[in-house]
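One structure below.
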Amino acid sequence: MPSVSDYKIATIGSHSALQILKGAKDEGFETICICAKGKSKPYESFRVADKIIEIDDFANFFEIEDQLIKENAILIPHGSFVSYIGPQKMKEVKVMHYGTKGILEWESDRVKERKWLLEANCKLPKIFSSPEEIDRPVIIKFHGAHGGKGYFIANSPEDFYESMRQYPNESKYVIQEYIVGVPIYAHFFYSRLNQELEIMSFDKRYESNADSIGRIAARDQLDANIRTSYTITGNIPIVIRESMLPSIFELGESVVNISKKLVGDGLFGPFCLEGIVDPNLNFYVFEISARIVAGTNPFTYGSPYTWLRYNEPMSTGRRIARDIKEAIEQNHLDKVLG
Ligand code: ATP
């Protein structure tokens, strides 16, 4: 009978690797961490990696792929991995890979992503096709602007053109309705083994400088000519109002159901709906991540929600390893690989 000792769990040393590797060890797997040279300290110090493979650059991942294949490793993708490799190259990954590769194309293309979320009945911020249409607060997002650097808010076409003068080289952007509310990131897990959707946790991001601008008066902000950026520095756990849970479950289930129409196997494993909740408790989704998000990192020892269900510490990383373990034991590893 196949068992966890026949396989290893591997991931890239960054993003959410600590909880992925710790979770894998808790489920009985040996672990491999692929680190950029000089960046392996956390994975050694926290004792989560049985083996560390150092590479010069994550872009050279394919050079060590054969080594992973020989180890019978199962690779767990996360945000950093996808951004280093690129959604196109993900399809070339040959080592066993947890999750559906095809769905990453849908989450990384803004048009496709929107189609998916709309079909799943998510409320989305309105998109304005031209600056002339701006009739409410909007957020202008430049393509490829990492960490939301340079995003700006405008209220009218005039306002938009005035601010755009500071970005003469930017021609690719999206004009999105700015939702006034609080950001909430909902973390889900869907297993193809029991076909059940679980809510794992919620977080909000701690962003620099957006989360500190409120510490100084509006007049000082203007005097100092401060521009907002949303560079992520950490994640803060949230427990949401309990009456919102039924609709959050519904949203998650609907996103999974629609994904089955888009890509053969559909979405499974961890994913996240990134939203803004307005004062009427509408959950506006502005993005989906079809993989583990770093917002699950505060919960290496489980979240208030996973505690309810599991009665043991269950991080998202560990939930992934449990899914793989159950698939191995049921002789259905194919159900968790993609
Ligand atoms: P990615 O997560 O793809 O790297 P990013 O970090 O560059 O994207 P977003 O996550 O899209 O940028 O947004 C950055 C910040 O702006 C987030 O904190 C989010 O709360 C806020 N934000 C994004 N879209 C909206 C919106 N439509 N209304 C209000 N706030 C928004």
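We did not get these values from a lab; they are worked out from the coordinates using the rules stated. These numbers were taken from a predicted model, which means no experiment stands behind them. Methodologically, a virtual Cβ is constructed for each residue, glycine included, from the backbone with ideal geometry; neighbour enumeration extends over all protein chains shown.
Below are the figures for this structure:
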item	result
Difference of contour (0.36 nm per residue) and Cα-Cα distance, residue 165 to residue 91	22.7 nm
Amide proton proximity set for residue 178, modelled H, under 5 Å, gap of 5+	138, 139
20 °C / 1.002 mPa s Stokes-Einstein diffusion coefficient of the chain, Kirkwood radius on C-alpha pairs, µm²/s	101 µm²/s
Within the range 185-338: Cβ-based charge dipole about Cα centre, in debye rounded to nearest 20 (Lys, Arg +1; Asp, Glu -1)	160 debye
Those lysines that a straight Cα-Cα span of less than 25 Å connects to residue 325, excepting residues fewer than 8 apart in one chain	8, 22, 25, 51, 70, 91, 94, 101, 260, 335
Label-zone membership for the range 50-79, site residue 330, 7 angstrom Cα→C-beta point, backbone N under 19 Å	none
Theoretical ellipticity at 222 nm over the chain - DSSP helices of four or more residues, -39500 (n - 2.57) apiece, nearest 500	-8000 deg cm²/dmol
Distance-filtered residues of the range 271-300 - backbone nitrogen under 12 Å, label point 7 angstrom along residue 244 Cα→Cβ	274-285
Full-extension gain in nm, residue 130 to residue 224, via 0.36 nm per residue minus C-alpha separation	30.8 nm
Residue 308 versus residue 213: modelled label distance in nm, points set 7 Å from Cα along the beta carbon direction	3.5 nm
Estimated inter-spin distance, residue 111 and residue 83, nm [label 7 Å along Cα→Cβ]	2.4 nm
Sites matching GluC sites (Glu not before Pro) across the range 77-120 that sit in DSSP coil, with at most 14 neighbouring C-beta atoms within 10 Å	92
Under-5 Å amide H pairs with residue 152, H placed in peptide plane, nonlocal only	140
For the range 234-254 versus the range 300-322, the gap between their alpha-carbon centres in whole angstrom	16 Å
Karplus (6.51, -1.76, 1.60) ³J(HN,Hα), θ = phi - 60°, over the range 233-245, in Hz, Gly and Pro reported as x	10, x, 10, 10, x, 9, 10, 8, 3, 4, 5, 7, 4
DSSP beta bridge pairing in the chain, given as percent antiparallel to the nearest 5	70 percent
Difference of contour (0.36 nm per residue) and Cα-Cα distance, residue 236 to residue 41	67.8 nm
Residues with amide H under 5 Å from that of residue 97, placed H, sequence gap 5 or more	75, 338
Centroid-to-centroid separation of the range 95-115 and the range 141-194 [C-alpha atoms, Å]	20 Å
